[in-house]
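Read the structure below first, then the notes.
Read-outs throughout are calculated quantities, based only on the coordinates presented, and are distinct from any laboratory measurement. Quick caveat: nothing in here was measured; it's all calculated off a predicted structure. Virtual Cβ from ideal backbone geometry, glycine too; neighbours counted across all protein chains shown.
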Amino acid sequence: MTAEERPAGPEAAPSHPAPQDSAHRAARRDAAVRAAATQGLIDPDRPVVGLLDVAGIRAAARELRAAFAEVSSPRTDVLHAFAVKACSLVPVLRLLAAEGLGCEVASPGELALARAAGVPAARTVLDSPAKTVAELRDALAQGIAVNIDNPQELERVDALVRAAPSAAALPPLGLRVNPQVGGGTIEALSTATATSKFGVALADPGARAWVVRAFLDRPWLTRLHAHVGSQGCPLSLMAEGVRQTYELAEEINAAAGGRRVESVDLGGGLPVDFSTDTDTPTFAAYARVLRDAAPGLFDGRYGLVTEFGRALLAKQGLILARVEYTKSAGGRPIAVTHAGAQLATRTVFAPASWPLRVAAYDAEGLPRTGPEVEQDVAGPCCFAGDLVAVKRPLPLFRPGDLAAVLDTGAYYFSHHFAYNSLPRPAVHGFTVDGATGAVRFALVRPAQDIEEIVEESGAAQRDALTGMVREERS
């Protein structure tokens with residue numbers, strides 16, 4: 001990247017950036033698709049590629065920071081920790097860190113990625129419902145904040161804290177609670193239901209009193225964490241969960257006679273509108289909803305942590321796939337592409353919850369024109385349901401065309417489904433020169449080659465099982 005393209009530090013971010021203009025976003029996308037075709041990032045031998053809009057990522061990070069700055073007292077310490085699971089690619093984490101964001105991690109692998117990206121331990125938060133003793137010990141030793149999920153985990157942390165050289169050197173340690181405010185339209189992503197596996201269920205008999213006592217007995221327990229859910233959850237439901245968590249913090253501090261809970265982790269989960277190029281709802285709108293629900297949370301007495309993922313990255317990426325064949329079945333056209341369940345896993349298996357837009361381009365990367373025809377956009381996986389779109393009105397695809405699966409910057413590049421041993425595609429970031437329209441690409445992750453697939457599938461242990469048979473016979 002040139003000096004002009006290099007991400008600015010947090011101090012360089014505008015205080016009140018305007019929401020991204022959908023027309024500019026679409027124009028950058030069109031330019032990137034055209035350049036990917038002409039520069040050979042996608043061709044008959046490389047029929048699928050992922051693209052990430054660097055300007056879009058930077059703008060989203062700045063909008064998030066500005067949204068919370070607008071509703072918070074200047075005294076409020078805010079850490080925006082990107083949910084690594086949403087896009088577990090080291091260069092992306094590095095870019096977000098340059099824009100002032102930290103990382104929220106939920107596994108040793110995600111923690112290793114954050115470290116590889118250079119994210120400081122002090123800007124990293126560990127969440128997981130199944131942390132091992134070794135993971136907890138490592139986090140405390142490295143100074144990584146931990147959100148404790150349940151009473152048994154708290155007992156483990158008790159033992160580790162007793163063995164620590166000094167309680168003063170401990171990172172922020174919090175307790176995750178489940179306000180049990182209900183679920184959204186996607187059950188699998190609703191984490192504040194009555195029976196959710198996450199956190200301490202506050203409405204269960206005796207649970208609230210246990211939480212208060214846990215804080216009173218542990219001066220080092222200083223953070224509350226709650227996360228209501230993500231896609232499919234309305235803002236009102238999320239805000240209600242935050243309000244109840246804030247009220248619990250106030251109750252704990254009143255019982256302690258002082259400021260025992262110092263910070264509140266609000267989670268993330270802002271839903272994304274997958275039907276347009278517009279960011280709806282915006283971070284600014286959500287921040288105002290939270291402030292209205294719990295104004296005391298933003299008056300400077302509490303530090304804040306957020307864990308946004310999808311809302312930051314979804315609209316900054318697209319999957320570009322070559323149309324290998326076109327055909328018809330039952331009178332309906334079908335475009336067979338190289339992007340299916342191996343990349344758009346959630347969309348293929350739960351299309352009602354995860355619909356994605358598809359844009360049609362010709363072989364040169366120019367938007368395809370012509371009458372729209374209802375057609376299916378199919379993937380390469382060997383099962384009938386591998387469909388990214390069904391009966392979608394689009395200009396009729398032709399072999400060699402490019403199908404762009406939009407809004408796939410989060411959860412689509414870094415969660416490859418290895419069906420049929422299909423390789424992971426390359427992912428490139430792109431910038432578009434505003435003056436000349438020139439597009440530059442930077443490799444974020446190289447394409448997986450066949451040799452890697454073979455190696456991962458145990459090639460080095462080829463004779464392991466037949467050797468056991470020979471031993472049985474001897």
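Converting the Cα gyration tensor eigenvalues of the stretch 213-267 into ellipsoid dimensions via √(5λ) gives semi-axes, longest first, of 25, 11, 7 Å.
Once you reduce the stretch 355-419 and the stretch 274-339 to the center of their Cα atoms, the two points are 18 Å from each other. Structural size metrics of the stretch 148-259, computed from C-alpha coordinates, are Rg and Dmax of 14.8, 47 Å.
Spatially, the stretch 212-267 and the stretch 70-149 are offset by 19 Å when compared through their Cα centroids.
With only the Cα atoms considered, the stretch 54-311 has a convex hull volume of 119 Å³ per residue. Relative to the current alpha-carbon distance between D433 and D217, full extension at 0.36 nm per residue lengthens the span by 72.0 nm. Sum up the charges of everything whose Cβ sits under 9 Å from the Cβ of A426, counting Lys and Arg as +1 and Asp and Glu as -1, but leave A426 out. Value of the local net charge: +3. Rg of the Cα atoms in the stretch 125-188, relative to 2.2 N^0.38 Å, amounts to 1.28. Only beta bridges with both residues in the chain are counted; by DSSP, about 50 percent of them are antiparallel. Considering the stretch 260-336, its Cα convex hull presents a mean projected area of 8.4 nm². Net charge near A287: determine it from the other residues with C-beta under 13 Å of the C-beta of A287, scoring Lys and Arg +1 and Asp and Glu -1. Residues close to A287 contribute a combined charge of 0.
Of all lysines in the structure, those lying under 20 Å Cα to Cα from K131, and not within fewer than 8 positions of it along the same chain, are K85, K197. Sites count as exposed loop sites when they are trypsin sites (Lys or Arg not before Pro), lie in a DSSP loop, and have at most 15 other Cβ atoms within 10 angstrom; the longest stretch of the chain without one is 260-461.
Residues C382, C233 in ascending order of nearby Cβ atoms (within 10 Å, fewest first): C382, C233. Taking the convex hull of the alpha carbon positions in the stretch 35-110 and averaging its projected area over all directions gives 6.9 nm². Bridge orientation summary for the stretch 54-311: considering DSSP beta bridges with both residues in this region, about 5 percent are antiparallel. What is the calculated FRET efficiency for A167 to A121, with r their C-beta to C-beta distance and R₀ = 25 Å, to the nearest 0.05? My answer for the efficiency is 0.90. The amide H of T124, built 1.01 Å from its N in the peptide plane, has C103, A145 as neighbours under 5 Å, considering only residues 5 or more places off or on other chains. Once the Cα atoms are used to define both axes, helix 207-216 deviates from the longest principal axis of the chain by about 70 degrees.
Under a model in which nothing but the beta-carbon of Lys, Arg (+1) and Asp, Glu (-1) is charged, the stretch 54-311 shows a dipole of about 540 debye around its Cα centre. Computed from Cα atoms, the angle from the helix 22-38 axis to the main principal axis of the chain rounds to 50 degrees. Helix 283-293 axis versus longest C-alpha principal axis of the chain: approximately 30°, rounded to the nearest ten.
Under the shape rule built on the C-alpha gyration tensor, where the axes satisfy a ≥ b ≥ c, the stretch 252-408 is prolate, since a/c reaches at least 1.5 and a/b is greater than b/c. Projecting the alpha carbon convex hull of the stretch 257-302 along each direction and taking the average yields 4.0 nm². Cross-link partners of K391 among lysines, defined as those whose alpha carbon lies under 17 angstrom from its own and excluding same-chain residues fewer than eight positions apart: K327.
Length available on full extension from T278 to A329: 0.36 nm per residue minus the Cα-Cα distance, which gives 14.9 nm. Report the local net charge at A106: Lys and Arg +1, Asp and Glu -1, summed over other residues whose C-beta lies under 11 Å from its C-beta. With Lys, Arg at +1 and Asp, Glu at -1, the neighbours total -4.
Projected label points at S457 and D45, each 7 Å from Cα along the beta carbon direction, are separated by 2.2 nanometres. Only helices enter this figure: runs of n ≥ 4 DSSP H residues, each worth -39500 (n - 2.57), summed and divided by the residues of the chain, yield -9500 deg cm²/dmol at 222 nm to the nearest 500. Restricting the calculation to Cα atoms, the chain yields a radius of gyration followed by a Dmax of 24.1, 77 Å.
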